[in-house]
């Protein structure tokens, strides 16, 4: 299927590895220009080598909310505009209510909620003016089924999901869609860090007995950015191999 993304311009945050890099690779494979954003210049350089068509890179910390407008301006200058934004940020530290000090909530909300709001504020006006745009945010299945020992992630990502759903209804008339993908257990460094590297045992929690592939996840994100998905808006789609047990 031709996703008609040739010539589109995508900004992908949290793109030096894992799901973010998988999205960037899939978009580039469909002909989109991509700008990878992450905190580490070395990891960005390594990630860029995995994209045969080439990629721009920008070093930035999404926790620095004041710098997001400059980040978007830099990406716009590199690519001539931004048509697609993949909003992705590393998850906050693990912990439950008893073990998580109040002070940690602010940092989690800044990175996993407010940075996404700031990215939308900086990029949606241009998309609306051009009458075409795509926002795809990577959140978590914890939005539907909160995970134990991840209270910060559960809280921040649920709030961001509500924001995305609200914005989706406001920009749809301008040819812009806003959706989120809720990954379950995927083979990423983040998952290995949370579970001490014993990913075989983790995979047993998925009905297929396998972990998700970031490359497959990226192709789902690319589809949501296509014209074929123009009637998918305000959706929050689980990508978890059927691990969630609820009906919604």
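For the reader, a short list of remarks on this structure follows.
- Calculated on alpha-carbon atoms, Rg and Dmax of the range 197-248 in Å: 13.7, 40
- Choice from 196, 91, 173 with maximal GNM fluctuation in the chain (Cα, 10 Å cutoff): 196
- The range 70-192: relative contact order as a whole-number percent, Cα under 8 Å and 6+ apart: 32
- Rounded to the nearest whole angstrom, the semi-axes of the ellipsoid equivalent to the chain, taken from the Cα gyration tensor as √(5λ), stand at 26, 20, 19, largest first.
- Calculated mean residue ellipticity at 222 nm for the chain: -12000 deg cm²/dmol, from DSSP H runs with n ≥ 4 weighted as -39500 (n - 2.57), summed, divided by the residue count and rounded to 500.
- Cα-based helix-to-principal-axis angle, 214-224 vs the chain, degrees rounded to 10: 50
- Contact order normalised by residue count of the range 21-90, Cα under 8 Å, 6+ apart, percent: 27
- Using C-alpha pairs below 8 Å separated by at least 6 residues, the relative contact order for the chain is 22 percent.
- The range 121-179 and the range 55-78 have Cα centres spaced 19 Å apart.
- Taken over the range 30-129, the percentage of Cα pairs per 5 Å bin, counting from 0 up to the bin with the maximum distance, is 2, 11, 20, 22, 18, 13, 7, 4, 2, 0.
- Against the chain, whose longest principal axis is taken from its Cα atoms, helix 115-130 shows a tilt of about 30°.
No lab work stands behind these numbers, since they all come straight from the coordinates. Values in this document were obtained by computation on a predicted structure and should not be read as measured data.
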